[in-house]
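The values are calculated or read from the model by the stated rules, or taken from the named source; none is laboratory data. What you see is a predicted model; the values in this text were computed from it and never measured. In this analysis, Cβ positions are derived from the backbone assuming ideal geometry, glycine residues included, and neighbour counts consider all displayed protein chains. Just the protein is used for accessible areas: all its heavy atoms, side chains included, with ligands, DNA and RNA removed. Shrake-Rupley method; radii C 1.70, N 1.55, O 1.52, S 1.80 Å.
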Amino acid sequence: MPVLSPTWTDERIELLKQHFDAGLSCREIAADIGVSRNAVIGKLSRLNLTRGRTIDDRKVQDKGLSPSRGRKAVPRLQYEMLATIYGETAGPAVSGPIDETNRCSLLELSENRCRWPISTPGADDFCFCGNTAPDGQPYCAGHSRLAYRPNARARVIRS
């Protein structure tokens, strides 16, 4: 059975302190000493070595936001999907009536047909829209405008 050497020798602890005083990051210290970043963080904590925070850092932390991140960005997938299908114009939610001649049952539903449910599941008249859905999208153009409407606040921000 091999004998394991201790991770934190006196030399490594001295190097840790020197690098910490020099202002190196935990990642840089870990790479130089030859231990993991988490090992460096843990040892610094056990040695009660901390870096002072500025007043601005404390204010940001108290608000629950990290200094590098402000508000969370609005997810762009819906907007990009709509922009791809309809262009950048923000037209009305539905520009005209949706064709009802292609309705189909679940068994008739295929990859390029609109999956928008019509009526209530279990009802006698329950079916799906069945119109052509562009480029593998789940809904036809009319139902996509209903399903992926950007909220009013996002429209104001984009304007």
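Results, tabulated for the structure shown:
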{"read-out": "Selection from segment 110-130 of residues that are in contact with a strand residue (DSSP E or B) (Cβ under 7 Å, 6 or more places away or on another chain) and closer than 20 Å to Tyr148 by Cβ", "value": "Asn112, Arg113, Cys114, Arg115, Trp116, Pro117, Ile118, Phe128, Cys129, Gly130"}
{"read-out": "Pick from segment 127-159, criterion outside any helix (DSSP H, G or I), of a type outside the set (D, E, K, R) and open to solvent by 60 Å² or more (accessible area, probe 1.4 Å), ranking: modelled with the lowest pLDDT", "value": "Ser159"}
{"read-out": "Close pairs (6 angstrom Cβ cut-off, 6 or more residues apart or separate chains): modelled with pLDDT of 85 or more in segment 107-120, among the charged types (D, E, K, R) anywhere", "value": "Ser119/Asp125"}
{"read-out": "Residues within segment 81-106 that are open to solvent by 90 Å² or more (accessible area, probe 1.4 Å), modelled with pLDDT of 70 or more and of a type in the set (Asp, Glu), tallied", "value": "1"}
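Quick grid of which residues meet (1) at pLDDT below 90; (2) touching a Ser or Thr at 6+ places or on another chain (Cβ under 9 Å); (3) at positive phi:
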| site | (1), (2), (3) |
| --- | --- |
| Gln18 | no, no, no |
| Lys43 | no, yes, no |
| Leu49 | yes, no, no |
| Val60 | yes, yes, no |
| Leu65 | yes, no, no |
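Residue by residue, here is whether (1) open to solvent by less than 60 Å² (accessible area, probe 1.4 Å); (2) assigned to a helix (DSSP H, G or I) holds:
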residue	(1), (2)
Glu11	no, yes
Ala30	yes, yes
Val35	yes, no
Ala39	yes, yes
Leu44	yes, yes
